[in-house]
1. Which one of these is assigned to a loop (DSSP other than H, G, I, E, B), over 24 Å from Lys126 (Cα atoms) and touching a helix residue (DSSP H, G or I) at 6+ places or on another chain (Cβ under 9 Å): Lys51, Lys45?
2. May I ask you to verify whether Ser237 is surrounded by 14 or more Cβ atoms within 10 Å (Cβ to Cβ), among the hydroxyl-bearing types (Ser, Thr, Tyr), touching a Pro at 6+ places or on another chain (Cβ under 9 Å) and outside the structural domain of Thr28 (by TED's automatic domain parsing)?
3. Across region 187-222, which residue is nearest to the chain's Cα centre (by Cα) among those that are assigned to a loop (DSSP other than H, G, I, E, B) and crowded, with 19+ Cβ neighbours inside 10 Å?
4. Could you tell me how many of the residues in region 240-253 are more than 17 Å from Ile48 (Cβ to Cβ), small (Gly, Ala, Ser) and surrounded by 21 or more Cβ atoms within 10 Å (Cβ to Cβ)?
5. Given the structure, is Lys57 closer than 23 Å to Glu207 by Cβ, without any contact (Cβ under 8 Å) to a residue 24 or more places away in the chain and not assigned by TED's automatic domain parsing to the domain that holds Ile154?
6. Please specify each residue of region 219-234 satisfying the condition of being touching a Pro at 6+ places or on another chain (Cβ under 6 Å) and among the basic types (Lys, Arg).
7. I'd like to know if region 61-73 contains one or more residues that are farther than 23 Å from Ile115 by Cβ, in contact with a strand residue (DSSP E or B) (Cβ under 8 Å, 6 or more places away or on another chain) and either without any contact (Cβ under 8 Å) to a residue 12 or more places away in the chain or part of a strand (DSSP E or B) (or both).
8. Assess whether Glu109 counts as being surrounded by 17 or more Cβ atoms within 10 Å (Cβ to Cβ) and within 17 Å of the chain's Cα centre (by Cα).
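The values are calculated or read from the model by the stated rules, or taken from the named source; none is laboratory data. Since the model is a prediction, treat every value here as computed from it, not as a measurement. A quick note on method: Cβ atoms are made from the backbone with ideal geometry, for glycine too, and the neighbour counts reach across all protein chains shown.
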Amino acid sequence: MKYLDQLNRTIHLSGAPQRIVSLVPSQTELLIDLGLEDQLVGITKFCIHPKRLRSTKQVVGGTKNLRLEEIFNLQPDLIIGNKEENEQQTIQTLAKDFPVWLSDISNREDALAMIAGLGQVTQTEKRADNLIQKIRLSFDKPLFRKKGKAVYLIWKGPIMAAGADTFISSMMDSAGFYNMIEQKRYPSLSEEDLIEYSPEFLLLSSEPFPFGPKELQHFQEILPQTKIILVNGEYFSWYGSRMLDAMAYFKKLSEEL
């Protein structure tokens, strides 16, 4: 059987995959929710949901620092990765020997298409369609009132923000924030840039850089008029079944502002 991934690459499978390696944390969680825990044999060290996976599945390194020998030893019949989260050269090496299905996510609709695509390639279409319907329903409810202009930081040293064409930006919009960063992907910013933007809200993510109280205090000193918030990055950046709970988190966040 032939399947197209989100980069329009064709992969060939002889049947429903029985030995899956997932190289993306949010997609690993999705596979579990599609009922594929038994078929999942390899994960990354960042695949932390559900917690039990770290002790029951083979950890094959980080999303960008994979241990290829361990993946080869697992002899997967399907590898699931992402254009942005995994290194292109590594994916090309793996694709010479194994079917590799890649996602490419820039917004919520891309994420829903990814769920549908993985449902097809793993022959779990009914579960995937049901999940998509539930996610759509949760986002179709009245949007939150617009809170104001915001900048969402994902990294420190250098400071990096989520740009306009990212999944994070689309989730910011769903949460009621207007993303001030018009550049593409994840531009680097200086503290002077942040001062010039003077956002009403500065969102400090829990991942990939784990911003905490120390960073909050520092940014508050240089942006005294800005409301600075530590946010759970999983609800802004995990483009899988985690979206099902995102609106409830955004509602709770709104109530705390």
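1. Details: Lys51 fails: touching a helix residue (DSSP H, G or I) at 6+ places or on another chain (Cβ under 9 Å).
Unique residue meeting the criteria: Lys45.
2. Numbers: surrounded by 14 or more Cβ atoms within 10 Å (Cβ to Cβ): yes; among the hydroxyl-bearing types (Ser, Thr, Tyr): yes; touching a Pro at 6+ places or on another chain (Cβ under 9 Å): yes; outside the structural domain of Thr28 (by TED's automatic domain parsing): yes.
The answer is yes for Ser237.
3. Of all residues in region 187-222, those assigned to a loop (DSSP other than H, G, I, E, B) come to 187, 190, 198-200, 206-212.
Still in the list and also crowded, with 19+ Cβ neighbours inside 10 Å: 199, 211.
Numbers: Pro199: 24, Phe211: 17 Å.
The extreme case among them is Phe211.
4. Within region 240-253, residues that are more than 17 Å from Ile48 (Cβ to Cβ), small (Gly, Ala, Ser) and surrounded by 21 or more Cβ atoms within 10 Å (Cβ to Cβ) number 1.
5. On the way: closer than 23 Å to Glu207 by Cβ: yes; without any contact (Cβ under 8 Å) to a residue 24 or more places away in the chain: yes; not assigned by TED's automatic domain parsing to the domain that holds Ile154: yes.
So Lys57 fits the description; yes.
6. In the first step, residues of region 219-234 are kept if they are touching a Pro at 6+ places or on another chain (Cβ under 6 Å); the result is 226.
Correct list: empty.
7. In the first step, residues of region 61-73 are kept if they are farther than 23 Å from Ile115 by Cβ; the result is 61-62, 64-73.
Going one step further and asking which of them are in contact with a strand residue (DSSP E or B) (Cβ under 8 Å, 6 or more places away or on another chain), we end up with 67, 70-71.
Pick out the ones that are also either without any contact (Cβ under 8 Å) to a residue 12 or more places away in the chain or part of a strand (DSSP E or B) (or both) and you get 67.
The answer is yes, given that some residue of region 61-73 is farther than 23 Å from Ile115 by Cβ, in contact with a strand residue (DSSP E or B) (Cβ under 8 Å, 6 or more places away or on another chain) and either without any contact (Cβ under 8 Å) to a residue 12 or more places away in the chain or part of a strand (DSSP E or B) (or both).
8. Working: surrounded by 17 or more Cβ atoms within 10 Å (Cβ to Cβ): no; within 17 Å of the chain's Cα centre (by Cα): yes.
No, not satisfied.
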